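Structure record follows, encoded as structure tokens.
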Amino acid sequence: MSIKLDCKGLQCPFPVIKTKQELEKIESGTVEVTVDNDTARTNILKFAKSNGFDAKVIKDEEKDIAIEVVKGEGSTNVAKEENSETEMPEFNGDEIILFKTDKLGEGADELGKILMKSFIFTLTETPRPPKTLLFVNGGVKLTSINEETVESLKKLEEKGLEIMSCGMCLDYYEVKDKLAVGEVTNMYVIVEKITQASKVITI
């Protein structure tokens, strides 16, 4: 089976995730991925290598790069590279991620929002996600008025994750009536969750 996948215009990590999704649909065959930047090419090649797939660039022109990824019969790469930056992250299952803002990292706010959207989307593809996502301060915008992150968070909620937003914070930003995913919580519960977790990751 041969699948053609157009990932032009998609930002990291979407080309890798979409490639992974297509490979999961087939027992064996090839996925030909088209991208338009070197970062996407490099990440797809690393992802393929770390997961035992053969991959090669079959077209390399400016803004038009094609990578062929082979799964199953015909694939000779069986070695799995540990700690690849393109592997989907895994958690033990009882960690908490605390979102204190609607942006990821410091610097340009618009870039920070794009990175946060990408981070939450990538969580939906994580084989073993954390147990609980807590949202405080500006982080509550991710569960209310940010439609793109709400969509990804709903998928995580369907997987059984606890998604909780600080009620005081929702009131402060006047978005409590716009809460679209998860439940409203209070500081007592937030402290209780944090103190009982094996690890708390603050974003």
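The values are calculated or read from the model by the stated rules, or taken from the named source; none is laboratory data. Computed from a predicted model, the values in this text were never measured in an experiment. Positions of Cβ are backbone-derived with ideal geometry, glycine not excepted, and every protein chain shown enters the neighbour counts.
Data overview
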{"item": "Residues located in the range 26-37, provided they are exposed (fewer than 15 other Cβ atoms within 10 Å of the Cβ) and either among the aliphatic types (A, V, I, L, M) or free of Cβ contacts under 8 Å to residues at least 12 places away in the same chain (or both)", "result": "26"}
{"item": "Residues being aromatic (Phe, Trp, Tyr) and at pLDDT 95 or above - total across the range 109-156", "result": "1"}
{"item": "Residue among 158, 192, 174, 162 that is touching a residue at least 24 places away in the same chain (Cβ under 8 Å), farther than 12 Å from residue 100 by Cα and not polar (S, T, N, Q)", "result": "162"}
